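Peer 1: Here it is, the structure, as structure tokens.
The values are calculated or read from the model by the stated rules, or taken from the named source; none is laboratory data. As the structure is a prediction and not an experimental result, all values here were calculated from the model. Please note: Cβ atoms are built from the backbone with ideal geometry, for glycine as well, and neighbour counts cover all protein chains shown. Areas reflect the complete protein model, heavy atoms only, side chains present, ligands, DNA and RNA absent. Shrake-Rupley method; radii C 1.70, N 1.55, O 1.52, S 1.80 Å.
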Amino acid sequence: MAILAKLSHSLTSIIKKTNLYYVAATIVLCCTFYVIGLWPQGGDVTSRQLSSTASILPTLPCNPSIKNTNPNSGSSISIDFTAHHTADDLVPLSSSASVNHYPSCNPELSEYTPCEDSKRSLKFDRNMLAYRERHCPEKNELLKCRIPAPFGYKPPFRWPQSRDSVWYANVPHKHLTVEKAGQNWVRFKGDRFTFPGGGTMFPRGADAYIDDIGKLIKLKDGSIRTAIDTGCGVASWGAYLLSRDILPISFAPKDTHEAQVQFALERGVPALIGILATNRLPYPARAFDMAHCSRCLIPWGKYDGLYLIEVDRILRPGGYWILSGPPVNWQGHWRGWNRTADDLKAEQDQIENVARSLCWKKVTQRGDLAIWQKPTNHVHCKINRKVFRNPPFCQEQDPDKAWYTKIDACLSPLPEVSSVKDVAGGPLANWPERLTAVPPRIASSSIEGVTAEGFSEDTELWKKRVAHYKVLDSQLAEHGRYRNILDMNAWLGGFAAALVDDPVWVMNIVPTEAEVNTLGVIFERGLIGTYQSWCEAMSTYPRTYDFIHADSVFTLYQDR
């Protein structure tokens, strides 16, 4: 016990001495740092620093109201705390630096689309629905105000939830919930719309309808990547194609179903306002792998088959056209369609005749679905012109020209081939290899100034640039933060290609003022886009896009 007591006493003594050493060392260090901290407050170093700093600062006139010539005098001093200089004295603003803020437009204009204005369109020709095409305002009609969001607007749901739900405040239109109540297009409950995936011709839902199509043509092997839905409704067909790695463009006119394209965009589905009337659709030739119409009310057999001629132009060689609704399966539906059997039969016969004149092959008709296929080349079709004299082949016409270009009643010829088994223009790789494979238009040297090497370099360049963008903009890097993206000057589609693994879609714009038309290359990569002149408004609703990318746009328009 004695030994333990002595040991305890020794340890206590050692600990106390150690604590004293720590305290002493701490005091010494604090004093040292305090002296070091005081040292720059005097001496030549600070004088030089202040002198150097003063030399780079603006020289301002100082007229202090207080002068104390004797700093050691003990007289009381009245200190003036008022400011003697302003920011305007330091950095005078030039007139060019001033900013004009545009006022907000009237709240009634929250959905204003200048070139698709329903009231303005009434001034134009009703024949062939020309009045529903693009008609942009004159200069004296342009609004100089900012389009406001509707009252209660909320950020859209993130994809994929947005496919099935949209805030009512963002698209405050209940008309379709009443008119299409029995067809499961859209429902309204509480503060939101929901989209069960139904359609006029697919009461079991778009998913089951697409499965039915998949039993008739191959949708899973990557041979079908781009699709167009004419008269799309709320774009449920396109919405459910996306989960199958098929990228659609959906369009419909801005008519009595005013909100249908707006619903599609709020859902995060690629869509534009548009119509098949007198002008070509704003896409290049041989753009889409598949075109679709489900009771889209387009008179396919009329006007000498003009609208099917336009579908033929934008379909790639070997592409498919799918039709459901009148007159398909008219034998089982004609009473419900409130039309006579003879009328519907005559309409179907018209469509069949036009399809044969275009050299299309009818793949199948099963139930409510009919599918035709465009030929892979025009070898046999040119021979058949002896039988089908109409439509004739177009002569000396650019099939890719499609900005305010009238539809001609002539067949756009496919590129020449050396064998009946060849694919006109060159075969496309299946998706996803198609994205980075050299597009046939580049491989054939039909795009001026673009080589296979240049294409590969551009692809790699945009991978690096987009990676850098994501460093600068954390929201672009955030998975699901953005959904609808616009590239104002897409060139070869490299920006969109670099985002292919993100849950986004990109509308690639090739401006009509561009020196080289590259939109066909973009479609051959399995991407989508359209033509646009940025001197005019786009055929889309306000608040369409989450992110807008502009590369060299101002350079393109600098002299305009």
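Peer 1: Just name the residue that is most open to solvent (accessible area, probe 1.4 Å) out of those in region 316-344 that are in contact (Cβ under 8 Å) with a residue 40 or more places away in the chain and over 19 Å from Leu369 (Cα atoms).
Peer 2: Among those that are in contact (Cβ under 8 Å) with a residue 40 or more places away in the chain and over 19 Å from Leu369 (Cα atoms), it is Arg316.
Peer 1: Can you report the number of residues in region 181-192 which are buried (at least 18 other Cβ atoms within 10 Å of the Cβ) and touching a Gly at 6+ places or on another chain (Cβ under 8 Å)? Talk me through it step by step, then tell me what you get.
Peer 2: Quick first cut of region 181-192, residues buried (at least 18 other Cβ atoms within 10 Å of the Cβ) only: 184-186.
Cutting the leftovers down to touching a Gly at 6+ places or on another chain (Cβ under 8 Å) gives us 184-185.
Result for region 181-192: 2.
Peer 1: Here's a follow-up. Criterion first (among the hydroxyl-bearing types (Ser, Thr, Tyr) and either under 21 Å from Glu433 (Cβ atoms) or in contact with a Lys or Arg (Cβ under 8 Å, 6 or more places away or on another chain) (or both)) does Ser533 satisfy it? Write out each step before concluding.
Peer 2: Working: among the hydroxyl-bearing types (Ser, Thr, Tyr): yes; either under 21 Å from Glu433 (Cβ atoms) or in contact with a Lys or Arg (Cβ under 8 Å, 6 or more places away or on another chain) (or both): no.
No, not satisfied.
Peer 1: Okay, next question. Can you name the condition, by its number, that Phe388 falls short on among (1) open to solvent by 60 Å² or more (accessible area, probe 1.4 Å); (2) closer than 28 Å to Arg244 by Cβ; (3) out of contact with any Phe, Trp or Tyr (no Cβ under 8 Å at 6 or more places or on another chain)?
Peer 2: Every condition holds for Phe388 apart from (2).
Peer 1: Using the structure shown, decide if Lys464 is out of contact with any Gly (no Cβ under 8 Å at 6 or more places or on another chain), among the basic types (Lys, Arg), within 27 Å of His380 (Cβ to Cβ) and open to solvent by 40 Å² or more (accessible area, probe 1.4 Å). Spell out how you get there, then give the answer.
Peer 2: Working: out of contact with any Gly (no Cβ under 8 Å at 6 or more places or on another chain): yes; among the basic types (Lys, Arg): yes; within 27 Å of His380 (Cβ to Cβ): no; open to solvent by 40 Å² or more (accessible area, probe 1.4 Å): yes.
No, not satisfied.
Peer 1: Another question, if that's okay. Name the residues in region 284-307 that are in a loop (DSSP other than H, G, I, E, B) and within 13 Å of Thr230 (Cα to Cα), would you? Write out each step before concluding.
Peer 2: We begin by selecting, within region 284-307, every residue in a loop (DSSP other than H, G, I, E, B); these are 284-287, 295-302.
Hits for region 284-307 are Arg295, Cys296, Leu297, Ile298, Pro299, Trp300.
Peer 1: Can you confirm whether Gly268 is assigned to a loop (DSSP other than H, G, I, E, B), open to solvent by less than 10 Å² (accessible area, probe 1.4 Å) and not assigned by the TED database to the domain that holds His135? Steps first, answer last, please.
Peer 2: Numbers: assigned to a loop (DSSP other than H, G, I, E, B): yes; open to solvent by less than 10 Å² (accessible area, probe 1.4 Å): yes; not assigned by the TED database to the domain that holds His135: yes.
Considered against the rule, which asks whether it is assigned to a loop (DSSP other than H, G, I, E, B), open to solvent by less than 10 Å² (accessible area, probe 1.4 Å) and not assigned by the TED database to the domain that holds His135, Gly268 comes out as yes.
Peer 1: Related question: Exactly one of these conditions fails for Trp185: (1) in contact (Cβ under 8 Å) with a residue 40 or more places away in the chain; (2) within 21 Å of the chain's Cα centre (by Cα). Give me its number.
Peer 2: (2)
Peer 1: Scanning region 469-524 for residues that are of a type in the set (Asp, Glu) and free of Cβ contacts under 8 Å to residues at least 40 places away in the same chain, which turns out surrounded by the fewest Cβ atoms within 10 Å (Cβ to Cβ)? Steps first, answer last, please.
Peer 2: Start the filter on region 469-524 by keeping residues that are of a type in the set (Asp, Glu), which leaves 473, 478, 487, 501-502, 513, 515, 524.
After this cut, where a residue has to be free of Cβ contacts under 8 Å to residues at least 40 places away in the same chain as well, the list is 473, 478, 501-502, 515.
Numbers: Asp473: 13, Glu478: 12, Asp501: 7, Asp502: 19, Glu515: 9.
In this case the residue turns out to be Asp501.
Peer 1: Output the qualifying pairs, or none if there are none: Cβ atoms under 9 angstrom, residues six or more apart or on different chains, first residue in region 292-314 and outside the structural domain of Val328 (by the TED database), second residue buried (at least 20 other Cβ atoms within 10 Å of the Cβ).
Peer 2: none
Peer 1: Of the numbered conditions (1) open to solvent by 60 Å² or more (accessible area, probe 1.4 Å); (2) touching a helix residue (DSSP H, G or I) at 6+ places or on another chain (Cβ under 7 Å); (3) at pLDDT 95 or above; (4) more than 25 Å from Ile275 (Cβ to Cβ), Ile147 satisfies every one except a single condition; which is it?
Peer 2: (4)
Peer 1: Still on this structure, I have one more. Filter region 95-144 down to the residues that are acidic (Asp, Glu) and surrounded by 12 or more Cβ atoms within 10 Å (Cβ to Cβ), then identify the one that is farthest from Arg280 (Cα to Cα). I'd like the intermediate steps shown before the answer.
Peer 2: Step one: filter region 95-144 for residues acidic (Asp, Glu), giving 108, 111, 116-117, 125, 133, 138, 141.
Pick out the ones that are also surrounded by 12 or more Cβ atoms within 10 Å (Cβ to Cβ) and you get 111, 116-117, 133.
On the way: Glu111: 26, Glu116: 16, Asp117: 20, Glu133: 10 Å.
Top of the filtered list is Glu111.
For (1) part of a helix (DSSP H, G or I); (2) surrounded by fewer than 21 Cβ atoms within 10 Å (Cβ to Cβ); (3) of a type in the set (D, E, K, R), each residue gets a yes or a no:
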residue	(1), (2), (3)
Gly197	no, no, no
Asp207	yes, yes, yes
Asp221	no, yes, yes
Asp255	no, yes, yes
Gln262	yes, no, no
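Peer 1: If you go through region 108-126 one residue at a time, do you hit one that is of a type in the set (A, V, I, L, M) and closer than 29 Å to Leu242 by Cβ?
Peer 2: Residues of region 108-126 that are of a type in the set (A, V, I, L, M), as a first pass: 109, 122.
Subset that is closer than 29 Å to Leu242 by Cβ: none.
No, every residue in region 108-126 fails to be of a type in the set (A, V, I, L, M) and closer than 29 Å to Leu242 by Cβ.
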